[in-house]
Amino acid sequence: MRRDPAGHLLRLTTAHFALYRAFLEGLDEHTLHTHYGAPGTDVRVTRRTLATLRETLTIAARRAGDIDAAHLLRLKPGSLPAEAHAGAGQGAAPAAPVPPTLDAFRDQVDPDHFYSERELLGLYLEQFPPASSPAIDRKVARNRRLRERQDAALARMEAALVEAPRPDHTLEGWFDAAVVARLAAVGITTFDALLALIRRRRQRWYTAVPRLGATGARRITDFLDQHAGTLGSLSRLALVPRRQLAPGDAALRPLARAGADVVPLEALRVPAALDGSAGLNRAPVPAHQAEMNTDLQAVNAWIAIRGARSAQTQRAYRREAERLLLWAIVAKGKPLSSLNTLDVAEYLEQFLANPQPAERWIGRGGVERFDPAWRPFAGPLSARSRDTARRILTAMGAWLVRQQYLRVNPFEGLAAAAPVPIDTAGRTLTHAQWRYVLQTVWQPEPVLGAEPDRSDAARADRIRRQRDAFVLLLAYATGMRRAELAAATTGDLSRKALDGALEDAYVLRVDGKGRRRREVPMPARLMDLLRAELRARAEPLSLETAPADTPLVAHLVTGAALHPNTIGALFKGIFARAAERLAPSYPGAAADLQRASTHWLRHTFANHGLDAGADIRDMQSLLGHASLATTTHYAKGDAARQYQTVDAFFNAALEGAGAARRRPSACACASSAGCSPGICARQRATGRPPCRWSSSRPTCSTASSMICLPRSHSSPSGTTACRRARRGPWSTARRGAGDGLQWPTDRSFRAFPSRLACSLIDRYPDRLNL
């Protein structure tokens, strides 16, 4: 390790000695730079490196007391063949041919510079031997001895000075000072930190380092690859984009680790004492089950057989079995087949609720299984997730008992679990929230007279909005899961004739969970959006001519089907944009949208369908639920009606006790935010109901055409009575007739004009003689 004339640290490597060895053999500067110079630099850098090496090696030899090396390594390389043949022509016949120079000989026999200088010289002397002259022979012999001594001196210095990079080394001296400074600016100062960054960011890791481009990054990865013996081999993911690797590529397989460690099942190497072959709960293995001799083999068999129904089921089963097996081996130090009921109770109630130590068990989400940063958990599990784990593992234990692998199922001894409620109401968009989300992606209408923006960016934005609006409405109108959305193709669409209609209707065939197949209607306007979206793709398509495998939800550029995770991210982005717009006015509703996911649209489909009067058994069929009980979870109560009921009896109780009655100055809208009468009227179609009053005020619900008036204004109970509005005669109001408003002629229940009801009641309460 030395410093160059500019004061920068220089660590000598085998590459430096290869460069200097070629220099001593007489290669010219341009050839040296081509074969030994740093990529991306010019010949001046190689020239400066040679000068630095010459001074460094001379000083190091003198300090070591190796005077012979100090002298030999400073000798200027000579041309031995030219000296050997310089006197060859003195006693030769004039007609003898003149041998070529060594450079001309190289161009003739070695244009690609395959041979070293020494090998080329040997070939040259074989083909053009020097003249028989004692003086020339002595000179050739002396030069050969000189080269041998030079080689020996260089080898001694290489053995003494070369240092292989190690993970704990700082980067200073190994790379250019400017590159080292850029890496240090983002906290990368050692090879360990550099390798961790590359593993985490993969092929585009350099984007995390300002002013470091792809070329500079390639030089660094080339250096790391050259020193894989001490730094470790780089994954191909550091050089090749993930999408270009075949599914079975070695780079996509997790590395096996010695001993019991927290790794994916496919990389787990279990010590013999913990593999379960002698587990305390093992049953005698029958001859036909010889392949299930260890816990890992038994678990893999269960995952393969019971998880064959779908990829999602297999992933869920593998996740829970993997977590339990790793916990048994790593945390408890016992085989899975030795766990008892107390152990599994501890696992379900304590460990899953708080996996510790966190650095061993918890990692960031989205890490692929082959990544060393993979961990089994992304955080503590909720009560519902723990209940799911319990049900899956209980089923696994029962299967292993039936296969005569275990004697008893340890999960059967647990106390009955309390049912975990499904929060469907809290994971649903209200009517107002849904309309706001739709407005976020809906294609704006062109302004009359305005020149449309025809730029490429504007066109791309229109296509993106069109695709997003279609995908949002497709999920809302069908209630499909994100995996079902990703799998839907034009081949799944079929026409169906409806009674009472001449036009054809479309239905979409969906293969759902548990291999349950169902058909969901595709509304006519949704089909129009699909046709428009197909025409707008990079390769325009029509519904009639599109191949059967054309995905309904496609990539904007390639037209390929989107992965379920990508669809989930797409919806999260839509909800986030809507929440950002909503936050200044309604932070509570915006917070709900920030939590929303694809599955919220499935709940929203069910709730809005039931609100519109759909039969619950029809909703069960459309959702693909195996049990009607699951569908009933979606039938949430009317929050507005419930609030109104409680508010009514609470006010009645206060009035009965003589408390002052509170008279609201404005209506309360369905969004639970204060609003003016005009806003309340505009929200007439957003939910149940758009306006609410206490028992002392009329209650108007335009959605149900209901007008609610106090049963008796002087009634001590103050309760309200609501009836379905009857269409009846209208007349001009007796007071204030000049305003042109129409009112019922008596105190009976009459229908108000739907667009004006809420605002009129709030603005003119005296017209109703309240």
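The values are calculated or read from the model by the stated rules, or taken from the named source; none is laboratory data. Keep in mind that this is a model prediction, so the values were computed, not measured. Cβ: placed from backbone, ideal geometry, glycine included. Neighbour counts: every protein chain shown.
Some points to look at:
- Filtered by the rule that a residue be under 30 Å from R242 (Cβ atoms), charged (D, E, K, R) and in contact with a Phe, Trp or Tyr (Cβ under 9 Å, 6 or more places away or on another chain), the stretch 369-417 gives a lone residue, R375.
- Taking every residue in the stretch 189-202 that is free of Cβ contacts under 8 Å to residues at least 60 places away in the same chain and pairing it with any residue that is among the polar types (S, T, N, Q) and outside any helix (DSSP H, G or I), at least 6 positions away or on another chain, the pairs with Cβ-Cβ distances below 7 Å are T189/T170; T190/T170.
- Residue that is surrounded by the most Cβ atoms within 10 Å (Cβ to Cβ), among those in the stretch 562-585 that are part of a loop (DSSP other than H, G, I, E, B) and over 22 Å from the mean Cα position of the chain (by Cα): A583
Quick grid of which residues meet (1) free of Cβ contacts under 8 Å to residues at least 12 places away in the same chain; (2) assigned by TED's automatic domain parsing to the domain that holds A486; (3) over 18 Å from Y476 (Cβ atoms):
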{"site": "V553", "(1), (2), (3)": "no, yes, no"}
{"site": "T558", "(1), (2), (3)": "no, yes, yes"}
{"site": "A561", "(1), (2), (3)": "no, yes, yes"}
{"site": "L570", "(1), (2), (3)": "no, yes, no"}
{"site": "F575", "(1), (2), (3)": "no, yes, no"}
{"site": "A579", "(1), (2), (3)": "no, yes, no"}
{"site": "A583", "(1), (2), (3)": "yes, yes, yes"}
{"site": "Y586", "(1), (2), (3)": "no, yes, yes"}
{"site": "A596", "(1), (2), (3)": "no, yes, no"}
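- Counting only helices (runs of 4 or more DSSP H) that fall entirely inside the stretch 586-681 and contain at least 2 residues that are at pLDDT below 75 and farther than 30 Å from D468 by Cβ, the qualifying elements are 628-632, 639-656.
- Count of residues meeting criterion [closer than 29 Å to G365 by Cα and out of contact with any Pro (no Cβ under 6 Å at 6 or more places or on another chain)] in the stretch 276-319: 24
- Note on the stretch 217-240: among residues that are among the small types (G, A, S) and crowded, with 19+ Cβ neighbours inside 10 Å, the one that is nearest to the chain's Cα centre (by Cα) is A238.
- Among the residues of this structure, T230 does not count as one that is modelled with pLDDT of 85 or more, out of contact with any Pro (no Cβ under 7 Å at 6 or more places or on another chain), in a helix (DSSP H, G or I) and of a type in the set (S, T, Y).
- The one condition in (1) closer than 23 Å to A38 by Cα; (2) surrounded by 15 or more Cβ atoms within 10 Å (Cβ to Cβ); (3) of a type outside the set (V, I, T) that A181 fails to fulfil: (2)
- Any hit, the stretch 545-561, residues being part of a helix (DSSP H, G or I) and surrounded by 14 or more Cβ atoms within 10 Å (Cβ to Cβ): no
- Hey, Q297 within 32 Å of the chain's Cα centre (by Cα) and free of Cβ contacts under 8 Å to residues at least 12 places away in the same chain or not: yes
- Criterion: under 22 Å from R142 (Cβ atoms), out of contact with any Asp or Glu (no Cβ under 8 Å at 6 or more places or on another chain) and modelled with pLDDT under 60 - qualifying residue of P99, P81: P81
- When the stretch 45-59 is limited to residues that are of a type in the set (S, T, N, Q) and touching a residue at least 40 places away in the same chain (Cβ under 8 Å), the one that is nearest to L73 (Cα to Cα) turns out to be T56.
- Verdict on R495 being within 25 Å of N565 (Cα to Cα), more than 28 Å from the chain's Cα centre (by Cα) and either part of a strand (DSSP E or B) or not basic (K, R) (or both): no
- Cβ-Cβ under 9 Å pairs, at least 6 apart or on other chains, the stretch 531-542 side farther than 14 Å from R462 by Cα and assigned by TED's automatic domain parsing to the domain that holds R459, far side loosely packed, with under 12 Cβ neighbours inside 10 Å and of a type outside the set (D, E, K, R): R531/S542; L541/P547
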